[in-house]
Amino acid sequence: MSTATKQIEELANTEYKYGFVTDVEQDIVPVGLDEDVVRLISSKKGEPQWMLDWRLKAFRAWLKIEEPHWQNVKYEPIDYQGVSYYAAPSEKKKLNSLDEVDPEIRATFDKLGIPLEEQKLLSNVAVDAVFDSVSVATTFRGKLAELGIIFCSFSEAVKDHPDLVKQYVGSVVPHTDNYFAALNSAVFSDGSFVYIPKGVRCPMELSTYFRINAKNTGQFERTLIIADEGSTVSYLEGCTAPMRDENQLHAAVVELVAHKDATIKYSTVQNWYPGDKNGKGGIYNFVTKRGICKGDRSKITWTQVETGSAVTWKYPSCILQGNDSIGEFYSVAVTNNYQQADTGTKMIHLGKNTRSTIVSKGISAGRGQNTYRGAVKIGKNATNARNYSQCDSLLIGDRCGAHTFPYLEIKNTTAKVEHEASTSKIGEDQIFYCESRGIAKEDAINMIVSGFCKEVFRELPMEFAVEAQKLLGISLEGSVG
Amino acid sequence: MEALVQAPPAWVKERRESAAKQFAAVGFPTTRDEDWRFTNVKPIAEANWPLARGGFKQAEALVASVNVPGAVRLVIVNGEFAAGLSDLSALPKGLRIASLRDRARDATDGIETHLGKVFNLATHPFAALNTSLLDDGVAIMVTKGAIVETPIHIVIVTGGDRPVVAHPRVLIVAGENSQVRVAQTFIGAQGSAYFNNAVAEVVVGPSALVQLYTDQRESDRAFHIANIQAHVETKGVFESHAFSTGARIMRHDIGIGLKGEGADCTMNGVYLADGERLMDTHTSLDHAVPHCTSHEIYKGILAGKSKAVFNGRIIVQLDAQKTDAKQTNRALLLSDDATINSNPQLEIFADDVKCTHGAAVGQLDEEALFYLQARGLTRADARDMLLHAFAGEVIAGLQIPALREQIETNFFARLRQDTGGHAPQDVEGR
């Protein structure tokens, strides 16, 4: 036991692997937020008037909304006037090849283990790398364009495809939706835009890496994915961030629109800086993610692996409007040290024969607090709706907490809704069994945790599943005993 | 009236005042409060009815209608203990029963120690309101080691010629190693409007056993709010079984604190909502110490345009290791116009625990219906049989046979009345 404890202590003292700051000249808007800042962001990005009007509308709405406090997380009040709302790498000239990317930035990606060229050659993944707020490199654009797929940064979409943006932006997450969505709508910096035309199956996984870099800069990404009739797309999102002392605010908005017979799979691995082992620093991650299954037989799948951030507040949701549409949510959330997570999903059944599945695995270690909060609503006309929810919590150590708050609202007799939750700790007997077969304690625990999360990992695309499993191991290092 | 003229003892006054302050600070809850999100109490707040005084003429008949032979009967009419309607002839040894108003003065029997002390009034505005008007009710004190075989039946009758408000109060204190079975029946003249804001406090001493049955069959126009709060000490056992068929707006707040190691509790309930009624049950189980167990089953049947809320919270405090908590919530929707909000909640701060909760909402199993129909039952009979089985699981736990029969009869009579003997499925022609 004592050697194990020592080992654990060593591991617990391991510093955050991805904590480094790249020195790149930044183009930062002055600290604070008012209408002028919103106008400045819009003009810096060279946006048309309608986009600015929309931002201003959102900003005015934001002023009227109160910051929500019903979540089961505690954090120091955020000074919204103490944040700079825009940062972009200063060299913004058009890039023709990867060689033109700022070498500093290239080095950062290399440190993170995401060599663009290698990915381009080996993994068949198109990467729209978002470094802080502005896209610096987009690959595979040509190949995708042949099929009519639009995969670009949000700013480019505003310029090149204004009709699509106008039609869909705010259609799933209205600018008045909640405090953070309103804030994002007002000051969003950039993000990804994806449009899959009718009947097209996207031939590769689309992926964006986010990375928060500039000190004191809130990140306000906005992603919009539209899958037209009969199309299929899988989108990956993954993040790491450098080590910082001040809490950094991240309030992203993701909107998904699935038309008739379309399928969208959205996978996230979130590994932002969680703060040090005393709970100092770390990212505040307040995200609004929502998808709408607009057409019949459409399907949206959210898969997330949440291991980072000091405070996470995130409910990827599905509005099942089309008949026979399907919503799925698979989640692994890990909280270690002083991390807090309040995450879950909302499945809103409106169409007939709609089905949803929720599988949530929460792992709490150290002094982490992990909350599952999910809503399942079955509307009056959602005949034969079916929901299955499963929330399992695993506790490691006796100073952490696991909480489950499902909300079920059913207005139709034909609905079948089931919710199950369980909480347990890693069994001494399980560890003993592994140890007696020569498996080190640390490995045994990793093995058990991996098994616990298997149902979610198998939903992830291959490369992500590997990364996720690795991350989970790193996140839990030093917490077990 | 007369009694009010008599000044209550200083400690009662103090508790009233502090509760009044607490209620004034928060006021009537609104749907913006998380605990009251789905239950709008505006009709209660706006009713502004006068505080009930004295009895009314149907009271005697109402009490007779729920008579449980062989039990000690305690009657509270409009919040006041009615000695004339009560029957203490079967009073066994080891039991002291008193009206709160009479006994409050007597500091020797522990009423002062416990009354209003089992609650955290800050989070229960209606209990604070009740306490701020604390006047009368009944206290049941079971002495150490007494095994009380005779059931105690508290009949709480409310109503009058015009709408009134009553704040009945019950205190049950079971001493070490004692055992007692108490039932409370809430009843009012059918069709009359009133607001009944009841509070029951239970203290289960070390190794004591208390079974509390609550039968809520208030008038269909009544507002019924009941707060039941229990503390269970080391190795104590507490059971709460609630059966609800009445009231226009019902809210039950049942909280059990497991305060001593080895304590065990059961919290079961079944409700039937129909018409445009709202039935809200909030249960809270606080596992404050290690080695406690709890079992909870709540079931609901919803017909008509009714709405039901179930909010079941289980809290496992820091270091409350080896906790074993199990919660099940099931609801049957018989009508497309009915709404159920089911929110089971687990808050766990200890790692070596076994906690599960499950919630299921649906309609009667089509295959089970088909199975029974294939064996010659009509669809209506098959349905009745399945509903019996559904609710029966909870009702069967009642250990006072006469009361069980009474509750069963009432429950299923009501159910037949709601469904009119044929299923909504038949109407749809399936």
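The values are calculated or read from the model by the stated rules, or taken from the named source; none is laboratory data. This one's a predicted model, so the numbers in the text were calculated from it and none came from an experiment. In this analysis, Cβ positions are derived from the backbone assuming ideal geometry, glycine residues included, and neighbour counts consider all displayed protein chains. For the accessible areas, the whole protein counts, side chains as well, though only heavy atoms, and no ligand, DNA or RNA atoms are used. Shrake-Rupley method; radii C 1.70, N 1.55, O 1.52, S 1.80 Å.
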Selection from segment B:370-394 of residues touching a residue at least 40 places away in the same chain (Cβ under 8 Å) and out of contact with any Phe, Trp or Tyr (no Cβ under 7 Å at 6 or more places or on another chain) yields B:ARG379, B:ALA380, B:ARG383, B:LEU387, B:PHE390, B:GLU393, B:VAL394
query = Does B:SER207 satisfy the criteria of being small (Gly, Ala, Ser), assigned by TED's automatic domain parsing to the domain that holds B:VAL142, within 30 Å of B:GLY145 (Cβ to Cβ) and open to solvent by less than 10 Å² (accessible area, probe 1.4 Å)?
reply = no
Within segment B:352-368, the residues that are within 7 Å of another protein chain (Cβ to nearest Cβ) and part of a loop (DSSP other than H, G, I, E, B) are B:ASP352, B:VAL353, B:GLN363
B:GLY300 vs (1) of a type outside the set (Lys, Arg); (2) surrounded by 24 or more Cβ atoms within 10 Å (Cβ to Cβ); (3) at the interface with chain A (Cβ under 9 Å from one of its Cβ atoms); (4) more than 15 Å from A:LYS380 (Cβ to Cβ): all pass except (3)
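Residue-wise test of (1) under 23 Å from the mean Cα position of the chain (by Cα); (2) within 14 Å of chain B (Cβ to nearest Cβ); (3) modelled with pLDDT of 80 or more.
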{"residue": "A:TYR18", "(1), (2), (3)": "yes, no, no"}
{"residue": "A:VAL29", "(1), (2), (3)": "no, no, no"}
{"residue": "A:SER42", "(1), (2), (3)": "no, no, yes"}
{"residue": "A:PRO48", "(1), (2), (3)": "no, no, yes"}
{"residue": "A:MET51", "(1), (2), (3)": "no, no, yes"}
{"residue": "A:LYS57", "(1), (2), (3)": "no, no, yes"}
{"residue": "A:GLU67", "(1), (2), (3)": "yes, no, yes"}
{"residue": "A:TYR80", "(1), (2), (3)": "yes, no, yes"}
{"residue": "A:TYR86", "(1), (2), (3)": "yes, no, no"}
Going through (1) touching a residue at least 40 places away in the same chain (Cβ under 8 Å); (2) more than 10 Å from every other protein chain (Cβ to nearest Cβ); (3) not β-branched (Val, Ile, Thr) one by one, A:ASP324 fails only at (1)
Subset of segment A:442-481, residues of a type in the set (S, T, N, Q) and modelled with pLDDT of 85 or more, comes to A:SER450
Condition set acidic (Asp, Glu) and not in a strand (DSSP E or B), scope segment A:221-238, selection least open to solvent (accessible area, probe 1.4 Å): answer is A:GLU221
Matching residues in segment B:312-336 (at the interface with chain A (Cβ under 8 Å from one of its Cβ atoms) and in a loop (DSSP other than H, G, I, E, B)) number 6
Taking first residues from segment B:342-357 that are of a type in the set (Asp, Glu) and second residues anywhere that are crowded, with 21+ Cβ neighbours inside 10 Å and not in a strand (DSSP E or B), the pairs with Cβ under 9 Å that are 6 or more apart or on different chains are B:ASP351/A:CYS400; B:ASP352/B:THR323
Query raised in the report: In this structure, does B:LEU346 turn out to be under 25 Å from B:LEU258 (Cβ atoms), in a strand (DSSP E or B), of a type outside the set (Gly, Ala, Ser) and open to solvent by less than 10 Å² (accessible area, probe 1.4 Å)?
Result: yes
